[in-house]
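The values are calculated or read from the model by the stated rules, or taken from the named source; none is laboratory data. Not measured: the values here are computed from a predicted model. As a convention, Cβ positions derive from the backbone with ideal geometry for all residues, glycine included, and neighbour counts pool all protein chains shown. The accessibility values were calculated without ligands, DNA or RNA, using every heavy atom of the protein model including side chains. Shrake-Rupley method; radii C 1.70, N 1.55, O 1.52, S 1.80 Å.
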Amino acid sequence: MDPRCYYDHCELHLPHGVEDIKNEKSMLCYHPHGALCVGFSWNGAHAPELKHIPAKWLVVDVLMHAPLFGRILRWIGNVGGADAGNMKRLMKEGTNIGIIPGGFEDATIMKKGSERIWLKKRKGFIKYALRFGYRVHPVYNFGECDTFYTFHWLAKLRMVWFSTLTNTKLNKPIKPLDKTFTKF
């Protein structure tokens, strides 16, 4: 399945080729998040060029616990939560991982036609890469900012609001979501 057939300008170009990504201990860091992670999906999890490379694609835990979407992600099988415990467990095993370091903050600052990323306070993934001996492959999805129009005003207020929804300091869903959505 190559969903990129619906979008002519979506291509995966790697400076050193796909051969540069090893079968273990490779971390693919996708930027930017965008509104719906189109680049992460099309140039990562579903990219035909990367099908031979075993990888776990990590998403925020809130999505893994969402009623319908969480079930779909678990059904896909190669998707997991991006919490620190899961990330460390996978890295101890040497599993290749794909992440979007900018997360919800990246999505929050997205603006149609403007390339933006949020990495200001995101250092943990590099610390883990160093600790577990991973190669870091930065991947930038040019054109992600052209996929959707978004509400880009009141960015600081939305950052505060999203951090309370996702409880990003703990990287866990807030209690009501946790109790409601995990008992299926």
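So if each residue of separation counts as 0.36 nm, and I subtract the Cα-Cα distance between Lys25 and Arg135, what length gain in nm does that give?
Taking Lys25 through Arg135 to full extension adds about 39.0 nm, to one decimal.
Listed cross-link partners Lys22/Lys156; Lys92/Lys121; Lys51/Lys112 are compared with a 32 Å cut-off, the Cα-Cα value being larger for Lys22/Lys156.
Each residue of the range 112-129 was assigned a 3J(HN,Hα) from its phi angle through the Karplus curve 6.51 cos²θ - 1.76 cosθ + 1.60 (θ = phi - 60°); the sequence is 3, x, 10, 6, 9, 9, 10, 10, 3, 10, 9, 10, x, 5, 6, 4, 5, 4 Hz, with glycine and proline shown as x.
Could you work out what % of the accessible surface of the range 19-105 is carbon and sulfur, using a 1.4 angstrom probe and leaving DNA, RNA and ligands out of the count? Provide the component values of the computation, followed by the final result.
Values: 2270 of 3750 Å².
For the range 19-105, the apolar C and S fraction of the accessible surface comes to 60 percent.
By a 1.4 Å probe calculation restricted to protein chains, Glu144 has an accessible surface near 10 Å², given to the nearest 10. Projected label points at His46 and His13, each 7 Å from Cα along the beta carbon direction, are separated by 2.3 nanometres. Take Asp146: with every protein chain present and a 1.4 Å probe, its accessible area is about 80 Å². For the range 30-91, the per residue solvent-accessible surface stands at 44 Å², with DNA, RNA and ligands left out and a 1.4 Å probe.
When the residues Phe104, Phe69, Phe142 are ordered by accessible surface, computed with a 1.4 Å probe over the protein chains alone, the sequence from largest down reads Phe142, Phe69, Phe104.
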